[in-house]
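K.L.:
Please see the structure below; I have some questions.
The values are calculated or read from the model by the stated rules, or taken from the named source; none is laboratory data. In this text the structure is predicted, and so the values were computed from the model without any measurement. Cβ coordinates were reconstructed from backbone atoms using ideal geometry, including for glycine residues, and neighbour counts include every protein chain displayed.
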Amino acid sequence: MLDILEHVATRTGVTRAELADAIGLPKSSASVLINGLLERRYLAIDGGRRLVLGVRAFETGSAFLRQLSVRDLARPALDALVAEFGHTCHLAVLDGRDVVYLDKADPARGAVQLVTSIGARLPAARTAVGKAQLAFLPEDEVQALFAGEPAAVVRLQAERAEVRAAGYALDRGETVGGVVCVAAPVLDHRGRPLAAIGMTYLDASAEARDAEIGPRVAAVAAELSGRIGAHA
């Protein structure tokens, strides 16, 4: 199984037949191992029906990322944003059509109370932290995630273009009424989303706050991406 994971990790996608040939196993034997890894989400299937690393492989990580995880690296950034703006900040990762919240930093007082907590799961397409990450997935992967929901795909196409142009995503009352969330993606060296940093605040005077907070959150996320290894 480790041979399979190591080979897939060096590719942007591989077919079952290519993988079996590469590791020197009969296709039937390789298929049993691949199916087991798919079931446990160490492997996943992308929009082109090719095998890629799954979310469990990301969660397990390498020895380096275990020591310097995205959460560990992002925590000082969350704390700095809270100190600068006085609003709640959080970190979330994409898992299929959902986001999972990994960390949260609150100001000493006056924070907007989230409906989420660390470990909570929400639909990615309704949250700023989800939209920020969906915007940087390949189009075919987004279509595969939302297969059977053509209206959602059309809406996401427009939103993804807006997020890429602005550098950040907005959730205006979609998760909690009267609360705005601004989020920006943390990208790896391939430009794929690893996570997103978000900030929440009340909807009053939101447009003015968006113009101030959005670029700042995007800049902090870009700096974190650079520390992790993304190309500037």
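K.L.:
Somewhere in segment 107-125, is a residue closer than 16 Å to Ala221 by Cβ and basic (Lys, Arg)? First the steps, then the outcome.
P.N.:
We begin by selecting, within segment 107-125, every residue closer than 16 Å to Ala221 by Cβ; these are none.
Checked segment 107-125: no residue is closer than 16 Å to Ala221 by Cβ and basic (Lys, Arg).
K.L.:
Out of curiosity, is Ala165 at pLDDT 80 or above, among the hydrophobic types (A, V, I, L, M, F, W, C) and loosely packed, with under 12 Cβ neighbours inside 10 Å? Don't jump to the end; show me each part of the working.
P.N.:
Working: at pLDDT 80 or above: yes; among the hydrophobic types (A, V, I, L, M, F, W, C): yes; loosely packed, with under 12 Cβ neighbours inside 10 Å: yes.
Yes; evaluated as a whole, the condition is true for this residue.
K.L.:
Which pairs have Cβ atoms under 6 Å, sit 6 or more apart or on different chains, and link a residue in segment 16-31 that is more than 15 Å from Arg50 (Cβ to Cβ) to one that is of a type in the set (Gly, Ala, Ser) and in a helix (DSSP H, G or I)?
P.N.:
Lys27/Ala20
K.L.:
Something else about it: Test Ala124 against the criterion of being under 17 Å from Gly214 (Cβ atoms) and either in contact with a Ser or Thr (Cβ under 9 Å, 6 or more places away or on another chain) or at pLDDT 90 or above (or both), and give yes or no.
P.N.:
In short, no.
K.L.:
Would you point out the residue of segment 118-133, among those that are free of Cβ contacts under 8 Å to residues at least 40 places away in the same chain and either within 21 Å of Gly167 (Cα to Cα) or among the hydroxyl-bearing types (Ser, Thr, Tyr) (or both), that is surrounded by the most Cβ atoms within 10 Å (Cβ to Cβ)?
P.N.:
Initially, segment 118-133 is screened for residues free of Cβ contacts under 8 Å to residues at least 40 places away in the same chain, giving 118-121, 123-125.
Keeping just the survivors that are either within 21 Å of Gly167 (Cα to Cα) or among the hydroxyl-bearing types (Ser, Thr, Tyr) (or both) gives 123-125.
Details: Pro123: 13, Ala124: 25, Ala125: 21.
Within segment 118-133, the match that is surrounded by the most Cβ atoms within 10 Å (Cβ to Cβ) is Ala124.
K.L.:
For segment 219-226, state whether one or more residues are farther than 20 Å from Phe85 by Cα and over 14 Å from the mean Cα position of the chain (by Cα). Can you show your working first?
P.N.:
Looking only at segment 219-226, we keep the residues that are farther than 20 Å from Phe85 by Cα, and these are 225-226.
Applying the additional criterion that residues be over 14 Å from the mean Cα position of the chain (by Cα) yields 226.
Within segment 219-226, one or more residues are farther than 20 Å from Phe85 by Cα and over 14 Å from the mean Cα position of the chain (by Cα).
K.L.:
Can you pull out the helices (runs of 4 or more DSSP H) entirely within segment 12-63 that have at least 2 residues that are among the hydrophobic types (A, V, I, L, M, F, W, C), at pLDDT 90 or above and surrounded by fewer than 15 Cβ atoms within 10 Å (Cβ to Cβ)?
P.N.:
Values: elements: 16-23, 27-39, 55-60.
Output list reads 27-39.
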